[in-house]
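The values are calculated or read from the model by the stated rules, or taken from the named source; none is laboratory data. Computed from a predicted model, the values in this text were never measured in an experiment. Positions of Cβ are generated from backbone atoms using ideal geometry, with glycine treated the same way; all protein chains shown enter the neighbour counts.
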Amino acid sequence: MKVDVLLGLQWGDEGKGKVVDVLTPRYDVVARFQGGPNAGHTLEFEGKKYVLRSIPSGIFQHGQINVIGNGVVLDPVLFRQEAEELEKSGIDLRSILRISKKVHLIAPTHRLLDAASEAAKGGKKIGTTGKGIGPTYTDKISRNGLRLGDVFHNFDEKYATLRNLHLTRLAALGATPDEETLAGLEKTWMDAIEYLKGFGIVDSEFLINGLLAEGKSVLCEGAQGTLLDIDFGSYPFVTSSNTICSGACSGLGVAPNRIGEVFGIFKAYCTRVGSGPFPTELFDETGKRIRDLGHEYGAVTGRERRCGWIDLVALRYAIMINGVTQLIMMKSDVLDGFDEIKACTAYRINGEETRQFPYSIEDGIEPVYTTLPGWKTDMTRMQSEDEFPKEFSDYIAFLEKELATPITIVSIGPDRKQTIERRK
Ligand code: GDP
Ligand code: IMO
Ligand code: MG
């Protein structure tokens, strides 16, 4: 009956995986709608930790169908690794996972093209995750892509055409692969496609709309974040898909009027991995302290995440673009020991203050900060908002006023249980 969307409002890694897992028992279906194995969604419960890349975060609760929608790009090799790991730990993935025939396949040469394109950009590289995301979406949009459904129709011929195109592009970039290496990669890839055929490959738009017609509910799980969106993010330092709410419609085949709640997730501070502008980035001890306390290292690549104060100009923009109805604040506990917390409420550009997110944030942005007192209390074992220290409740009230949107869930640690729902 209803489709709710949960997505990141910053530059990714806000904690989407954790919250999807927490909210899953309220839904019948959990669906990924864009991105691919560039995502790394971490879940922790019962002393165990899992990092999901292409598989939705709704697989650990009971009875939900999990869907990889048409808007996703899938690497069969990485999918196989991820699925085999999960099957080993006792998850009956084949009975709960459905994959759209229309997902685009990431081929080994897409990854080679990703690396070659980054190398060609030199000092201007995007700092991609190297998973072939850009080249795969490029082929999708330029109508050269391979879809999962193609594995059942003239696949060898279609793959040969794509392969030739890629080898020409790689040669132009001076990155022709060694034949033997490529043959090895292709063998592993073809084997992984055979493995993939053992899963439910479906017309997922019919599956989801059919379930909605039966009165079932769907939670859509975003990957990356709004500031990495191909249209509204910090272009060109973005990913290659629509990470925003409308991406759930095109990435699953659900109509816009089906969308109900839009949960927008943000950290109590801000991080970014890869290159690109970041107005509130901290290069000092405070930035380092946030990185250490928040364990801010990439779940996919292990890279250090750049850290800074919360940026309310960017958050207001993300709330507007997505139509966010509820905010979820993550990693509040990371700031537990700070004397003071800063929040960027406006940008000063050429001496003028603005609260509106500008066309480009690359140069000349000076963040205008409001400083708030820290709460200096370990919140990680708290059970309800009644235990929150006054300074923390004041921080929440300040953010709600600045963002004109309620914060309904607060996360105080990585574990499923360290999640506090606020009274509406
Ligand atoms: P995602 O990509 O949005 O799912 O987020 P990631 O999993 O990449 O990064 C979030 C990281 O923060 C993971 O390591 C989580 O285990 C961790 N995490 C999530 N919520 C909290 C929280 O409230 N406090 C702390 N300290 N860690 C958290
Ligand atoms: P989750 O879902 C954080 C970043 C990369 C790079 C840019 C483009 O875990 O939040 P790509 O490989 O997509 O072409 O890289 O986007 N990036 C992410 N940063 N979290 C992610 O996913 C990301 N996925 C891509 O670091 O700057
Ligand atoms: Mg992540």
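Among the residues of the range 63-82, those identified as assigned to a helix (DSSP H, G or I) and either closer than 18 Å to Phe33 by Cα or free of Cβ contacts under 8 Å to residues at least 60 places away in the same chain (or both) are Pro76, Leu78, Phe79, Gln81, Glu82. Among the residues of the range 279-321, those that are more than 16 Å from ligand 3 (Cβ to nearest atom), touching a residue at least 40 places away in the same chain (Cβ under 8 Å) and in contact with a helix residue (DSSP H, G or I) (Cβ under 7 Å, 6 or more places away or on another chain) comprise Ile290, Leu293, Leu312, Ala314, Leu315, Arg316, Ala318, Ile319, Ile321. Screening Gln383 on (1) of a type outside the set (A, V, I, L, M); (2) assigned to a loop (DSSP other than H, G, I, E, B); (3) modelled with pLDDT of 95 or more; (4) in contact with a helix residue (DSSP H, G or I) (Cβ under 9 Å, 6 or more places away or on another chain) shows it passes everything except condition (4). Scan the range 124-135 and give yes if some residue there is touching a helix residue (DSSP H, G or I) at 6+ places or on another chain (Cβ under 7 Å), hydrophobic (A, V, I, L, M, F, W, C), surrounded by 17 or more Cβ atoms within 10 Å (Cβ to Cβ) and not in a helix (DSSP H, G or I), otherwise no. Yes, because at least one residue in the range 124-135 is touching a helix residue (DSSP H, G or I) at 6+ places or on another chain (Cβ under 7 Å), hydrophobic (A, V, I, L, M, F, W, C), surrounded by 17 or more Cβ atoms within 10 Å (Cβ to Cβ) and not in a helix (DSSP H, G or I).
Tell me, please, whether a residue that is farther than 18 Å from Ala314 by Cα and free of Cβ contacts under 8 Å to residues at least 40 places away in the same chain can be found in the range 227-242. Lay out the reasoning, then the answer.
Of the range 227-242, the ones farther than 18 Å from Ala314 by Cα are 240-241.
Pick out the ones that are also free of Cβ contacts under 8 Å to residues at least 40 places away in the same chain and you get none.
No: the range 227-242 contains no residue that is farther than 18 Å from Ala314 by Cα and free of Cβ contacts under 8 Å to residues at least 40 places away in the same chain.
Of the residues in the range 242-265, not one is more than 13 Å from ligand 1 (Cβ to nearest atom), more than 26 Å from Val5 (Cβ to Cβ) and in contact with an Asp or Glu (Cβ under 8 Å, 6 or more places away or on another chain). None of Arg258, Arg305, Arg272, Arg291 is under 20 Å from Leu52 (Cα atoms) and more than 14 Å from the chain's Cα centre (by Cα) except Arg305.
With the condition kept exactly as written, say whether any residue in the range 281-297 is at pLDDT below 95 and either within 16 Å of ligand 2 (Cβ to nearest atom) or among the aromatic types (Phe, Trp, Tyr) (or both).
We begin by selecting, within the range 281-297, every residue at pLDDT below 95; these are 297.
With either within 16 Å of ligand 2 (Cβ to nearest atom) or among the aromatic types (Phe, Trp, Tyr) (or both) added as a condition, the list becomes 297.
Yes, the range 281-297 contains at least one residue that is at pLDDT below 95 and either within 16 Å of ligand 2 (Cβ to nearest atom) or among the aromatic types (Phe, Trp, Tyr) (or both).
On inspection, Gly35 fails the criterion of being surrounded by fewer than 24 Cβ atoms within 10 Å (Cβ to Cβ), within 11 Å of ligand 3 (Cβ to nearest atom) and within 11 Å of the chain's Cα centre (by Cα). Residues in the range 14-32 that are within 13 Å of ligand 3 (Cβ to nearest atom) and not charged (D, E, K, R) were compared, and the one that is surrounded by the most Cβ atoms within 10 Å (Cβ to Cβ) is Val20.
Does the range 17-36 contain at least one residue that is farther than 27 Å from Thr129 by Cα, out of contact with any strand residue (DSSP E or B) (no Cβ under 8 Å at 6 or more places or on another chain) and either free of Cβ contacts under 8 Å to residues at least 12 places away in the same chain or away from ligand 1 (no atom under 16 Å from the Cβ) (or both)? Yes.
Rundown of residues vs (1) away from ligand 3 (no atom under 16 Å from the Cβ); (2) among the acidic types (Asp, Glu); (3) in contact with a His (Cβ under 9 Å, 6 or more places away or on another chain), yes/no style:
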{"site": "Asp4", "(1), (2), (3)": "yes, yes, no"}
{"site": "Gly12", "(1), (2), (3)": "no, no, no"}
{"site": "Leu43", "(1), (2), (3)": "no, no, no"}
{"site": "Tyr50", "(1), (2), (3)": "no, no, yes"}
{"site": "Val67", "(1), (2), (3)": "yes, no, no"}
{"site": "Val77", "(1), (2), (3)": "yes, no, no"}
{"site": "Gln81", "(1), (2), (3)": "yes, no, no"}
{"site": "Gly90", "(1), (2), (3)": "yes, no, no"}
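Screening Glu366 with (1) in a strand (DSSP E or B); (2) within 23 Å of Asp21 (Cβ to Cβ) gives one miss only, at (2). Among the residues making up the range 1-36, those that are among the charged types (D, E, K, R) and assigned to a loop (DSSP other than H, G, I, E, B) are Lys2, Asp13, Glu14, Asp28.
Residue-wise test of (1) under 25 Å from Asp292 (Cα atoms); (2) modelled with pLDDT of 95 or more; (3) surrounded by 15 or more Cβ atoms within 10 Å (Cβ to Cβ).
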{"position": "Leu335", "(1), (2), (3)": "yes, yes, yes"}
{"position": "Asp339", "(1), (2), (3)": "yes, yes, no"}
{"position": "Lys342", "(1), (2), (3)": "yes, yes, yes"}
{"position": "Glu362", "(1), (2), (3)": "no, no, no"}
{"position": "Pro367", "(1), (2), (3)": "yes, yes, yes"}
{"position": "Thr370", "(1), (2), (3)": "yes, yes, no"}
{"position": "Met379", "(1), (2), (3)": "yes, yes, yes"}
{"position": "Glu387", "(1), (2), (3)": "no, yes, no"}
{"position": "Ser393", "(1), (2), (3)": "yes, yes, no"}
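Here Thr42 meets the list (1) surrounded by fewer than 24 Cβ atoms within 10 Å (Cβ to Cβ); (2) more than 15 Å from Ile265 (Cα to Cα); (3) under 16 Å from the mean Cα position of the chain (by Cα); (4) not small (Gly, Ala, Ser) almost entirely, failing just condition (2).
Which one is farthest from Asp203 (Cα to Cα) among residues in the range 248-274 that are in contact with a Lys or Arg (Cβ under 8 Å, 6 or more places away or on another chain) and within 16 Å of ligand 3 (Cβ to nearest atom)? Going through the qualifying residues, I end up with Tyr269.
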